[in-house]
Amino acid sequence: MKKYFYDLHIHSCLSPCGDDDATPCSIAGIGKLNGLDIMALTDHNTAKNCPAFFKAAKAYGIIAVAGMELTTAEDIHMVCLFRTLEDALACDEALKEKRILMPNRPKIFGRQLIMDEDDNIIAEEENILSFATNLSFDEVPEFIKGFNGVCFPAHIDRPSNSVIAVLGAFPPNHSFPCAEMHGRERVTDYAVMASIKTEKMVFSSDAHQLLYIKEATDFIELPDDDENAVENLFKALGF
């Protein structure tokens, strides 16, 4: 077994609330400096910067996970992770039909930059990404499963855009084996509220700036097999 230090919730310059200097290459580079082994790029409702991130991560020796932070119809944030880059991009394409396609206003919401692995801007997403989709909280797991992905509630300890903040509690009989917290305060309390084992809580940064990407503090013990690390990660999380 090997300790894999991780950050499974990171935004790039494609997220309207992300800094322009949070490019895929820079994110991978900071992850390397911080001692991370596994990193997931999870922009709002899109995976379009994941191809560049995969190439940059490979150059830095980082295990990349393609993902997105999906916003439900109730305005709940969900971390969605995929087994392959192709799965994530297929989900991205299908999610267009679930999004509210309203033109972005960069001066208000921020730019939405699509990059290549050399940090060159190759396009800008025209429609605002951070708005809610028309997928309900209950519908998201099956939707993501259809693209060989997994999902779990994001930052359940935050006062906005979390399942507890929006619904007041975790729905009874939910099927999530894990959930994400931003901090470690009251982890036992939140585990009880979510009916999830404490050891299945994920601690990620939700970084929108390079400064806030995690250092090598939280890890998951997995078989020492980098080639199958993503699948082993999903199994360790309970999927």
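A Förster radius of 45 Å, combined with the Cβ-Cβ distance separating Thr217 from Ile100, puts the computed FRET efficiency at roughly 0.75. For the chain, the Cys residues with no second cysteine's beta carbon closer than 4.7 Å are Cys13, Cys17, Cys25, Cys50, Cys91, Cys178.
Other residues with beta-carbon under 12 Å from the beta-carbon of Asp218 carry, at +1 per Lys or Arg and -1 per Asp or Glu, a net charge of -3. Sites listed here are GluC sites (Glu not before Pro) in the range 70-126 whose DSSP assignment is loop and whose Cβ has at most 12 other Cβ atoms within 10 Å: Glu126. In plain terms, if you count all Cα to Cα distances in the chain and split them into 10 Å steps from zero, the share in each step is 8, 35, 39, 16, 1 percent. Within the listed set His44, His77, His182, the Gaussian network model of the chain (springs between alpha-carbon atoms below 10 Å) gives the highest mean-square fluctuation for His182. Here the label points at Asn173 and Lys200, each 7 Å from Cα along the C-beta direction, are separated by 1.7 nm in the simple model.
Taking the chain as a Gaussian network, Cα atoms linked when under 10 Å apart, which of Thr71, Thr133, Thr217 shows the biggest mean-square fluctuation? In the Gaussian network model the winner is Thr217. Between Pro51, Pro106, Pro177, the GNM of the chain built on Cα springs shorter than 10 angstrom shows Pro106 fluctuating the most. In the chain, the calculated helix contribution to ellipticity at 222 nm averages -7000 deg cm²/dmol per residue, counting -39,500 (n - 2.57) for every DSSP H run with n ≥ 4. Among the listed pairs Lys48/Lys98; Lys48/Lys145; Lys2/Lys200; Lys3/Lys200; Lys2/Lys55; Lys2/Lys235, those with a Cα-Cα distance over 22 Å are Lys2/Lys55. Contact order, relative form, for the chain: 26 percent (alpha carbon pairs under 8 Å, 6 or more residues apart, mean separation divided by residue count).
Throughout, read-outs are computed from the coordinates displayed, never taken from laboratory work. Please read these numbers as outputs of a predicted model, since none were measured by experiment. Note that we place each Cβ from the backbone using ideal geometry, even for glycine, and neighbour counts take in every protein chain shown.
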